[in-house]
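See below for the structure under consideration.
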Amino acid sequence: AQTVTQSQPEMSVQEAETVTLSCTYDTSESNYYLFWYKQPPSRQMILVIRQEAYKQQNATENRFSVNFQKAAKSFSLKISDSQLGDTAMYFCAFMKLTPQGGSEKLVFGKGTKLTVNP
Amino acid sequence: ETGVTQTPRHLVMGMTNKKSLKCEQHLGHNAMYWYKQSAKKPLELMFVYNFKEQTENNSVPSRFSPECPNSSHLFLHLHTLQPEDSALYLCASSQGRGGWGTEAFFGQGTRLTVV
């Protein structure tokens, strides 16, 4: 079974600074996706960034980037130039893929509560 | 708006009541999921359906009964619940086994309170 571990229950950062959230996972699969989701106080789960396991290049989305270390099974999220609107719970997630590329169950870590301070 | 709609947004029910949660997606996805989110166990996967077929039941008590009449709709029927079942119930959808892997899209959730 796949497990996802987020070792930082809470973090805080000053506005405009950079913060890194850590995530490790355990799987025997070779074909999978990894995601970071954001859940603000509104409770709406929003995709932040995704990484295909077969891609060596780290994914980036504007101020968000990941450090994907496949051998170490590590998938950290870096937020640059933090903004007040980044305050939210951040969840790391693992999605198993079928041999044909279809998606199967999505497993989440326990989350990291990030607070951006003015 | 993510394309996944859940109703109702809030529900208060007694332990002897029967109620249903509804989830609807028009994204053309083939897989739908129910998650339970509570303070004690954030984001527990409950059920997964692929092409209307249940492919995952994560040891969920029988007082929760899912139904997937088609790929666009997913229900969670509730009966004789316990106060510890109070939580946010999230529905999600993704391409599933029939398509290329992609992210899951989530509804806004139903906040359930069992009294």
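Every read-out reported here was derived from the displayed coordinates using simple, explicitly stated rules and does not represent laboratory data. Everything numeric in this text was worked out from a predicted model, so none of it was measured. Backbone-built Cβ (ideal geometry, glycine too); neighbour counts: all protein chains shown.
How much net charge surrounds A:Phe108 when only other residues with a Cβ under 12 Å from its Cβ are counted (Lys, Arg +1; Asp, Glu -1)? Intermediate values should be presented prior to the final figure.
Working: positive: A:Lys105, A:Lys110, B:Lys36, B:Lys41; negative: B:Glu44.
Charge balance in the 12 Å sphere: +3.
Let me confirm one metric for peptide A:103-115, namely the mean number of other chain beta-carbon atoms within 10 Å of its residues' beta-carbons.
Values: counts 16, 9, 11, 11, 4, 6, 2, 3, 3, 0, 0, 0, 0.
Taking the mean over all residues of the peptide, I get 5.
Can you tell me the FRET efficiency between A:Gln69 and A:Lys110 if r is taken as the Cβ-Cβ distance and R0 is 22 Å, rounded to the nearest 0.05? Kindly include the intermediate steps, with their values, before the conclusion.
Numbers: r = 20 Å, r/R0 = 0.93.
Rounded to the nearest 0.05, the efficiency is 0.60.
Roughly what would the spin-label model give for A:Glu17 and B:Glu84, points 7 Å off Cα along C-beta, in nm?
Result: 4.0 nm between the two label points.
Beyond a 32 Å Cα-Cα separation, which of these cross-linked pairs lie in this structure: A:Lys105/B:Lys18; A:Lys78/B:Lys52; A:Lys55/B:Lys22; A:Lys73/B:Lys22; A:Lys55/A:Lys105? Walk me through the intermediate numbers first.
Numbers: A:Lys105/B:Lys18 28 Å; A:Lys78/B:Lys52 38 Å; A:Lys55/B:Lys22 37 Å; A:Lys73/B:Lys22 36 Å; A:Lys55/A:Lys105 20 Å.
With Cα atoms farther than 32 Å apart: A:Lys78/B:Lys52; A:Lys55/B:Lys22; A:Lys73/B:Lys22.
Could you line up B:Lys40, A:Lys70 from fewest to most neighbouring Cβ atoms inside 10 Å?
On the way: B:Lys40 7, A:Lys70 15.
So the ranking, lowest neighbour count to highest, is B:Lys40, A:Lys70.
Please list the radius of gyration and Dmax for chain A, considering alpha-carbon atoms only, with Å as the unit.
In Å, with Rg to one decimal and Dmax whole: 14.0, 47.
Sorting A:Glu61, B:Glu44 on the 10 Å Cβ count, fewest up front, what's the list?
Details: A:Glu61 12, B:Glu44 18.
In order of increasing Cβ crowding within 10 Å: A:Glu61, B:Glu44.
Do any cysteines of the protein assembly as shown lack a neighbour Cys whose Cβ is under 4.7 Å away, and which are they?
B:Cys68
Each residue of the stretch A:13-18 in turn: what ³J(HN,Hα) in whole Hz from Karplus with 6.51, -1.76, 1.60 and θ = phi - 60°, glycine and Pro shown as x?
Per-residue couplings from phi come out as 8, 7, 3, 6, 8, 10 Hz.
Hey, for a label at B:Val115 modelled as a point 7 Å past Cα toward Cβ, could you say which residues of the stretch B:1-34 have their backbone N under 20 Å away?
B:8-21
Which lysines have a Cα lying under 19 Å from the Cα of B:Lys19, excluding residues fewer than 8 positions away in the same chain?
Answer for B:Lys19, where 19 Å is the Cα cut-off: B:Lys36, listed by chain and number.
Where does each of A:Glu52, A:Glu29, A:Glu10, A:Glu104 land when they are ranked from fewest to most other beta-carbon atoms within 10 angstrom? Please report the intermediate quantities before stating the final value.
Values: A:Glu52 16, A:Glu29 13, A:Glu10 10, A:Glu104 21.
So the ranking, lowest neighbour count to highest, is A:Glu10, A:Glu29, A:Glu52, A:Glu104.
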